[in-house]
Structures are given as structure tokens and as C-alpha cells.
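Peer 1: Below is a structure I'd like to ask you about.
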Amino acid sequence: MDDPDELAPAVRSILSAARDRADAAAGAGEAVSVSPRDLSAAFERAEADGRVPVIAEVKPTSPTTEGSREDDPVALAEGMVAGGAAALSVLTEPEHFGGSVDTLERVRDAVDVPVLRKDFVVEEAQLDAVESDVVLLIARFVGDDLPDLLAAARDRGFQVLVEVHDREELERALDAGATTIGVNNRDLAELVVDLGTFESVAPHVPDDVTLIAESGIGSPADVRRMRAAGADALLVGSAIMDGDVAANTRELVRAEADEDEDADPRLDDTTDTTETPT
């Protein structure tokens, strides 16, 4: 792992808490065995339906947002799916994001789309905390342990999203055998978001890798920008959680379809349809 001193204080705190939970989990139980819902198939279904594949995130709070959302997470998840989300992400980190494994279990039982466990896994034992369809491994946090953790997750049946931020982390993810990679537009050192991060990394990702854009996506224009840069799917949290989650999800998943409709003169209400006599 990179020098922790290079991380933002909030991220250092998250990482420290993750290591404490990893120590507590060591030897605590048997390895889980997962029969996952297929994430790639979910993305393909969304595309076939004219929707941008979006992983909508149930995120009660975070160090980079103000306040918290107290709604029932199951109701939020169901609203996101109703809005067209191809998959869901559920936080299980308790101290900084208000998440829990119980919330993930309840959400996964209530929906029929793949569910990503969003947490900060640094030790193999943490993989056994709860069943999900996909788990997150952050390249910067796990460092040289990435190949072993990736293999351990797959042995349990998990699909794995490996998160990177730059080309060096991308190369490590590819060398480890990652087939689904997320590019986080948020710099964990400064917590600054720049959509140009995805645009700089994406051209170096092989075509056979599923590529997901993460963080900073807040509007249909952002969706189109990330898709134009090569995103197969998008992971969106705060922009969906801020307000009506079904409506917010729908706006993002329809970003390309609505643009096509706006550009089609046949759908312009101002078009003169009066026939000219001959």
C-alpha cells in the first residue's frame, strides 16, 4: 500500500478503522460461498433496454457530504431499481459511512439486481463478513496483496470490482487479473474530484475489461461525458441520494436516450406538420 501519510486525513481514518475491523474479523468464521447475480449480464440488459448502466449507491452519509439520509435503505434501494438502476452498491463501512452488513443483507433480499458491497477490504477475513454479488478492492489500499485478495474473493464466488485512480494502479490491477475495473475520479490524497481522471486512464484499459466510472457524476451531461470517454457503466452515489432517488436515477440512466430524443427533429413539438396541397 502507498504511504498512508499521502492520504487525506479522512481517508487515513477510514483505512485505520478498516484495519481494526480486519483484525477483529480474523478467524471469526467460515469462508462464505456466493452464487452471484451476473453484473455483466445486468449491464447488457440495461443497454438493450436503452438505459445507461448505472450502479446506484445506497449511501447514508460520507466524509465528503453534509448530513445523513435516514430513510429506510430498502425503500431507497427499491426506488433506485424502479428508476432503472442496473445494479446497486451498498455501504457496509459503519464508522464513516453509516453502513452495515445487515443493511446489505436486507437490500439484497429485497431486489433482483446485482449488489456490490462497498467497503474497505484490506484482509481476506473481511470478505467473509457478508454475501454480496460483487466486492470492491481498492488498489491503493491493498497494494501488493491485490492478486491474493482477488483470488480469495473469486474462490468464494464473488465478482470483483478493482478500483484504481491512475495508470500505475491500472497496470497493477491488470497484472493481477482484474476484469472489472473502476476508475475513481476522486483523488484519495486531496479528496478532489476531476472527471478528467477517467478520461486520462480509460484509453489504456483493454477492450475486454468492463470499465466503470466512479465519483463526481452529477448530471446527464456528466454521464454522457464519461460514456464518450469509454465507460461501460457508472457508479453514482451522492447525486442519486440527494432528493428523489427514483427520479434522480431515471434522469441519469436516460441521459443518452433523452439526448437522442432532443436531437431528433421528428420529436420536436414545434415542427410544422401541415400538409402542402398539391
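Peer 1: Sum -39500 (n - 2.57) across every DSSP H segment of at least 4 residues in the chain, then divide by the residue count to get the 222 nm mean residue ellipticity, nearest 500.
Peer 2: Values: 13 runs with 112 residues, N = 278.
Calculated mean residue ellipticity at 222 nm is -11000 deg cm²/dmol.
Peer 1: Show Ser215, Ser13, Ser89 ordered by accessible area, largest first, where the area counts protein heavy atoms only and the probe is 1.4 Å. Intermediate values should be presented prior to the final figure.
Peer 2: Numbers: Ser215 30, Ser13 55, Ser89 0 Å².
If we order Ser215, Ser13, Ser89 from most to least accessible, we get Ser13, Ser215, Ser89.
Peer 1: Gain in length, Glu190 to Asp166, computed as 0.36 nm per residue apart minus the alpha-carbon separation, to one decimal in nm?
Peer 2: 7.2 nm
Peer 1: Go ahead and run the numbers for FRET between Arg106 and Ala31, Cβ-Cβ distance against an R0 of 25 Å, rounding to 0.05.
Peer 2: Working: r = 22 Å, r/R0 = 0.90.
Efficiency for this residue pair is about 0.65.
Peer 1: If you don't mind, another one. GNM on the chain, C-alpha springs below 10 Å: top fluctuator among Ser16, Ser238, Ser40?
Peer 2: Top of the fluctuation ranking is Ser16.
Peer 1: In a GNM of the chain with a 10 Å cut-off on Cα contacts, which of Ile240, Ile14, Ile181 has the highest mean-square fluctuation?
Peer 2: Ile14
Peer 1: Highest GNM mean-square fluctuation, the chain, Cα pairs closer than 10 Å: which of Val11, Val90, Val253?
Peer 2: Of the options given, Val11 has the highest mean-square fluctuation.
Peer 1: For P(r) over Cα pairs in 10 Å bins from 0, in percent, the choices are (i) 7, 29, 37, 18, 4, 3, 1, 1, 0; (ii) 6, 20, 25, 24, 16, 7, 1, 0; (iii) 7, 27, 32, 20, 9, 3, 1, 0, 0; which was calculated from the structure?
Peer 2: Here P(r) over Cα pairs in 10 Å bins from 0, in percent agrees with entry (i).
Peer 1: Let me ask another. Using amide H atoms built in the peptide plane, which far-off residues or other-chain residues are under 5 Å from Asp133 H to H?
Peer 2: Val115, Arg117
Peer 1: Same structure, new question: Quick one: pull the percent of accessible area on the chain belonging to carbon and sulfur, 1.4 Å probe, ligands and nucleic acids left out.
Peer 2: Values: 5590 of 12790 Å².
C and S fraction of accessible area: 44 percent.
Peer 1: Follow-up. Note down the magnitude of the dipole of segment 9-264 about its Cα centre, charges +1 on Lys and Arg C-beta and -1 on Asp and Glu C-beta and zero elsewhere, to the nearest 20 debye. Walk me through the intermediate numbers first.
Peer 2: Values: 23 positive and 54 negative charges, 55 e Å.
Charge dipole of segment 9-264: 260 debye, to the nearest 20.
Peer 1: Using a 1.4 Å probe on the protein heavy atoms only, what accessible surface does Glu6 show? Give it in Å² to the nearest 10.
Peer 2: Surface accessible to solvent at Glu6 totals approximately 100 Å².
Peer 1: Using only the alpha-carbon atoms, how far is helix 73-82 inclined from the longest principal axis of the chain? Give it as 0 to 90 degrees, nearest 10.
Peer 2: 40 degrees
Peer 1: With a 1.4 Å probe and every protein chain left in place, work out the accessible area per residue of the chain in Å², rounded to a whole number. Mind showing how you got there, number by number?
Peer 2: On the way: 12790 Å² over 278 residues.
Value for the chain: 46 Å² per residue.
The values are calculated or read from the model by the stated rules, or taken from the named source; none is laboratory data. These figures come from a predicted structure and were not determined experimentally. Note that we place each Cβ from the backbone using ideal geometry, even for glycine, and neighbour counts take in every protein chain shown. Ligands, DNA and RNA are excluded from the accessible area calculation, which covers all protein heavy atoms including side chains. Shrake-Rupley method; radii C 1.70, N 1.55, O 1.52, S 1.80 Å.
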